[in-house]
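One structure is given below, encoded as structure tokens.
The values are calculated or read from the model by the stated rules, or taken from the named source; none is laboratory data. The shown structure was predicted, so the numbers you read here are calculated from the model rather than taken from an experiment. All Cβ positions, glycine included, derive from the backbone under ideal geometry; neighbour counts span all protein chains shown.
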Amino acid sequence: MGAILLLSGFGIVMMYSASSIYAMNEYDDYLYFFLRQTRWLIIGTVLMFLIGQMNYRHLKELAYVLIFFSWIFLIMGYFFKGNNPASRWLVLGGRSWMTTSDFARVSLIIFTAYFVEKNKKYLKDWKFLLFRFTPILGISLVLILFQPDTSTTMIIAAIIMVMLFIAGTDWRYLTGLSIAGVIALILKIMNTPHAMDRFLNW
């Protein structure tokens, strides 16, 4: 807890140092961004403490509910994005409330943990995984990928792959999933001009 608060506090100070002049020019208040971030830091710390008192095992009972709502939020991001060119933020009432992929990331991690625990005896059955797990993973990743948010999609996919590998999932399924992911990523980059430019520059 101490390390988290220390790092968060350091980040707030650095953010203030980098944004104070811009905040003064745009909002006539040096502390505009500092106060906003501090408020969310306090809210987040309180929520972290409260959730930390919960028995995390109860979260598996909400696995499908969390996935469902993550899809709702991701879809809402496409329609309620304000003036943002991308659909990563959910904007309601002129305010950005959340990055929808953050909720989807947590939901997928919880769902994957629940799925592998419940279906331990089927983790070597690639056909079972293909029809019971892949659609849920695929829908979430596609909705994030076309926000567009390629980097977050790759990070979430990597996390889920590591979880499946540690759980002892069939290597053929993991290999096929990896190949499909790489192909989808290549096609997305090739059909997204700015992503292709960034890739070539890299």
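Below, the figures for the structure above:
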| item | result |
| --- | --- |
| Helices (runs of 4 or more DSSP H) contained entirely in the stretch 109-195, each with at least 1 residues that are more than 21 Å from TRP71 (Cα to Cα) | 126-132, 150-167, 171-190 |
| Every residue from the stretch 16-33 that is outside any loop (DSSP other than H, G, I, E, B) and either under 22 Å from the mean Cα position of the chain (by Cα) or surrounded by fewer than 14 Cβ atoms within 10 Å (Cβ to Cβ) (or both) | SER17, ALA18, ILE21, TYR22, MET24, ASN25, GLU26, TYR27 |
| Test result for ASP149, over 22 Å from ARG57 (Cβ atoms), in contact (Cβ under 8 Å) with a residue 60 or more places away in the chain and acidic (Asp, Glu) | yes |
| Tally of residues being over 20 Å from the mean Cα position of the chain (by Cα) and either among the basic types (Lys, Arg) or under 18 Å from LEU108 (Cβ atoms) (or both) across the stretch 34-57 | 3 |
| Residue that is surrounded by the most Cβ atoms within 10 Å (Cβ to Cβ) [pool: residues in the stretch 88-112 that are among the polar types (S, T, N, Q) and at pLDDT 90 or above] | SER107 |
| Options PHE111, PHE128, PHE165: the member that is among the aromatic types (Phe, Trp, Tyr) and within 18 Å of the chain's Cα centre (by Cα) | PHE111 |
